[in-house]
Amino acid sequence: MRLRPAHTPLTPASLTALAVTGLAVTGLAVTGLAVTGPATPAQAAPHPGATFHVDCATAPAAPAGSDGSASHPWTTLAQANAHTYGPGDRLLFKRGTTCTGSLTPKGAGSSDAPFTIADYGPGNGRAAIDGAGAHDAVLLSNTQYVHLSRLEITNAADPGSERNAVRLRLTDYGTAHGFEIDHLYIHDVRGGDAKTLTGSSAIHIGVEGTAKASSYDGLDIHHNRIENVDREGIYFKSTFSKRDLVGQQQDPNVYPGAWTPSTGVRVHDNTLKSIGGDGMKLDTTSGAVVERNRVDGFQLRSPSANAGIWTFNTDDTLIQHNEVSGGGNSHDGMSFDADGASSHTVFQYNYSHDNKGGFLLVCPYSGAKTIDTVARYNVSHNDGTRLLQNCAGPILNTQIYNNTFSNKETIPGYLVQDDNSSPATTQHEQHIRNNIFVSGGTGGYGFSNPTAGLALDHNAFYGIDMTRPNPGGITSDPLLRSDFRLSDGSPAIGAGTAVPDNGGKDYFGNKLKPGAPNIGAYAGPGTTG
């Protein structure tokens, strides 16, 4: 960005079925669990903490005797904010009611008894919190072991100012453990376009301060539905992120602390739709996993550069089984991005389609480097303006192999676009092999300002006038089916070159066999029908 494994195969049909609607998750299967004989009702474990209720529809202000009990619930966020919560406590909001303002609870849970914020009451209506233009509708500050679940959160009033729906904040805290954020419906968060340490986002994971290195350990963000948000969907940022690898790509005066990554981060099974800027950005994490998310429309309202799912200043990020589409323009508008100071980022088994910017950006600049990016066994369909783009900084050991790129309606101008500020002497190591490129039109697929480190081999180019050397490649019709498998008799079957440490499976979940692989994202035999 400019500053600016067993699984169900992700086919176009199955990806469309993967959706989060309200509180129900459809299209997901649980395997390996057998139930024999009649089920025995589970006995609820004793609850270690107290339960507090909030019903903001009861009265505009706290009535006499309001103590947070079910019979005398609190009626304002101010009452909920005044209490200090402990391990096992539950703060529950009544379904079908809306509280206005900011929820800023104090206290923390424990490893065996988290503090839970959720809903209560009959019916299907949601318990809602409307930030009404406040900076944060929900702020969890200097706390840990918190479970936030099943609420509706919005923040639309006075659009254009910085704000968030949910913000986690650590300020000179140290390591905070044990966060779970799930089954939220976040919508209409009308923040400003600036991308800062503190907003604007649907879910903002922040680390501030300079006196004590702080980070998160154990953060699970899953099954949330996020719609109509400006600027960021899910966003991480930390002041403790300075290291040689990042150079001057971020301001060392604003982010001065030594790189202290958050760990145990999982972002999965979320649905994001109509995002003004970035869908998801991981920053200052190590070993994060981003999987089975759906990003449907991003870079729709921001004049700045944004991507669907991307990393900055991270180590060992795994991004897999996601579907990303609807990148609104070519600035950046790519599904995926390994940005500056991203080290060993793996993009695999993802479905990218109909993004105006393209498929993958690798983007260090201003002294930053990006190292060991791998894109394998992904499918890209009708992505443009370029399929791959490199920024001006050093790019070391990018491996792009066994992907399928099918462009029938949209013809990308460039297969690889190196930024104009990248001189021919810039170190750009990019090895492109075993990929299928199929075009249904004419022209395009150029190479803008290519550097000496660009190498191609064993790729299939069909419908494309390829002028660069491609040893071991093919130019005949690979017989690519509409489901991105290969038809019987395809010349791409067994025509690739073996790649070590290849992940072990193809896009469809087929086990990779020894020897020469197929070209493209499908490793199985030819199919008929």
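The values are calculated or read from the model by the stated rules, or taken from the named source; none is laboratory data. Keep in mind the model is a prediction, meaning the values are calculated, not measured. Counting neighbours? That spans all protein chains shown, and the Cβs are built from the backbone with ideal geometry, glycine included.
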Handout entry: Asp383 vs. criteria at pLDDT 95 or above, part of a loop (DSSP other than H, G, I, E, B) and among the charged types (D, E, K, R)
Key = yes
Practice task
Would you mind listing the strands (runs of 3 or more DSSP E) fully within segment 188-245 where at least 1 residues are within 17 Å of Ser262 (Cα to Cα) and hydroxyl-bearing (Ser, Thr, Tyr)?
Solution key: 215-222, 232-238, 240-242
Exercise for the section: Have a look at Ala157, Ala202 and point out the one that is farther than 22 Å from Arg292 by Cα and aliphatic (A, V, I, L, M). Expected result: Ala157
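From the list Ile400, Ile319, pick out the single residue that is out of contact with any Phe, Trp or Tyr (no Cβ under 7 Å at 6 or more places or on another chain), in a strand (DSSP E or B) and crowded, with 24+ Cβ neighbours inside 10 Å. Step through it out loud before you land on a result.
On the way: Ile319 fails: out of contact with any Phe, Trp or Tyr (no Cβ under 7 Å at 6 or more places or on another chain).
Going through Ile400, Ile319 in turn, the sole match is Ile400.
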Fill in the blank from the handout: Selection from segment 403-424 of residues within 21 Å of Ala521 (Cα to Cα), among the polar types (S, T, N, Q) and not in a loop (DSSP other than H, G, I, E, B) yields Thr404, Ser406, Asn407
Exercise for the section: Hey, can you tell me all the residues within segment 100-117 that are touching an Asp or Glu at 6+ places or on another chain (Cβ under 7 Å) and not small (Gly, Ala, Ser)? Expected result: Thr100, Phe115
Problem - Qualifying positions in segment 479-529 - of a type in the set (Ser, Thr, Tyr) and either farther than 17 Å from His321 by Cα or more than 27 Å from the chain's Cα centre (by Cα) (or both) - result: Ser482, Ser487, Ser490, Thr497, Thr527, Thr528
Problem - Inter-residue pairs, beta-carbon under 8 Å, first at positive phi and in segment 181-193, second of a type in the set (A, V, I, L, M, F, W, C), 6+ apart - result: His183/Leu23; Asp188/Ala156; Asp188/Val229
Fill in the blank from the handout: Among residues of segment 403-439 being among the acidic types (Asp, Glu) and surrounded by fewer than 24 Cβ atoms within 10 Å (Cβ to Cβ), the residue nearest to Val499 (Cα to Cα) is Glu429
Practice task
From Ala45, Ala59, Ala70, Ala39, grab the single residue that is at pLDDT 95 or above and of a type in the set (A, V, I, L, M).
Solution key: Ala70
Practice task
Please specify each residue of segment 479-518 satisfying the condition of being closer than 16 Å to Thr404 by Cα, assigned to a loop (DSSP other than H, G, I, E, B) and among the small types (Gly, Ala, Ser).
Solution key: Ser482, Ser490, Ala492, Gly494, Ala495, Gly496, Gly509
Fill in the blank from the handout: Checked Gly393, Gly297, Gly326 against criteria (part of a loop (DSSP other than H, G, I, E, B) and modelled with pLDDT of 95 or more); the one match is Gly393
Exercise for the section: Would you be able to tell me the number of residues in segment 367-388 that are surrounded by fewer than 24 Cβ atoms within 10 Å (Cβ to Cβ) and under 22 Å from Val246 (Cα atoms)? Expected result: 5
Handout entry: From the options Gly257, Gly277, Gly264, Gly233, residue that is surrounded by fewer than 20 Cβ atoms within 10 Å (Cβ to Cβ) and at pLDDT 95 or above
Key = Gly264
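Residues of segment 143-185 being among the acidic types (Asp, Glu) and either in a loop (DSSP other than H, G, I, E, B) or touching a helix residue (DSSP H, G or I) at 6+ places or on another chain (Cβ under 6 Å) (or both), which ones? Before the answer, list the steps.
Quick first cut of segment 143-185, residues among the acidic types (Asp, Glu) only: 152, 158, 162, 172, 180, 182.
Result: Asp158, Glu162, Asp172.
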Completion exercise
Sole miss for Leu456 among (1) in a loop (DSSP other than H, G, I, E, B); (2) surrounded by 19 or more Cβ atoms within 10 Å (Cβ to Cβ) is condition (1)
Fill in the blank from the handout: Counting only residues in segment 265-294 that are assigned to a strand (DSSP E or B) and of a type in the set (Gly, Ala, Ser), the one nearest to Phe240 (Cα to Cα) is identified as Ser286
